[in-house]
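Only one structure is covered here, and it is reproduced in the block below.
What follows draws every value from the coordinates through simple rules; no lab data is involved. In this text, all values refer to a predicted model and were calculated from it rather than measured experimentally. In this analysis, Cβ positions are derived from the backbone assuming ideal geometry, glycine residues included, and neighbour counts consider all displayed protein chains.
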């Protein structure tokens, strides 16, 4: 079952690597016996299913979750069962790639309004006069 991110971006299951480890936190007596935590690994740099622009944005968005080799690691251990943690890791990866697939909105350059320019200059004049008053008094 592939991860369908957008109409153009689909990640097949063979690109995902699952590792199951013991979780810290809730679990009762099972916490020391059952590997309920899930570590999902996705190799961003070598994935053929990601367009280049999405890949670069994903690497920037991943932050500390990205290793030096370009692998995104998502650790899910919020829930007590392996199945729920696995679903949680999938959803978190989908959301991360979906954010990277959304192109950033271009910045529209704006100009300061006449009022803001005037207030800025008045503030500068006022500040300058305050600083001038700090000087030594004249002998006049």
Top of 114, 62, 23 by mean-square fluctuation, Gaussian network on the chain, Cα under 10 Å: 114
In a Gaussian network model over the chain where Cα atoms closer than 10 Å are linked, find which of 78, 68, 90 has the largest mean-square fluctuation. 68
Relative contact order as a percentage, the chain, C-alpha pairs under 8 Å and 6+ apart, gives 21
With a point put 7 Å past each Cα toward its Cβ, work out how far residue 107 is from residue 52 in nm, to one decimal. 2.4
Give the label of the value calculated from the structure for P(r) over Cα pairs in 5 Å bins from 0, in percent, choosing from [x] 2, 10, 19, 21, 17, 12, 8, 5, 3, 2, 1, 0; [y] 2, 11, 21, 25, 22, 13, 5, 1; [z] 2, 9, 14, 14, 11, 8, 6, 5, 4, 5, 5, 6, 5, 4, 2, 1, 1, 0, 0. [z]
In degrees, nearest 10, the alpha-carbon axis of helix 114-133 is tilted away from the dominant principal axis of the alpha carbons of the chain by 60
Across 89, 35, 101, the residue with the highest GNM fluctuation in the chain (Cα network, 10 Å cutoff) is 35
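As an exercise, take the mean of 1/r over every pair of distinct alpha carbons in region 48-91, invert it, and state the Kirkwood radius in angstroms.
By the Kirkwood definition, the hydrodynamic radius is 11.9 Å.
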Assuming R0 = 30 Å, can you tell me the calculated FRET efficiency for the pair residue 7 and residue 67, based on Cβ-Cβ distance, to the nearest 0.05? 0.55
In degrees from 0 to 90, rounded to the nearest 10, what is the angle of the helix 82-101 Cα long axis to the longest principal axis of the chain? 40
Just to confirm the number: angle between the C-alpha axis of helix 52-62 and the first principal axis of the chain, 0 to 90 degrees, nearest 10? 80
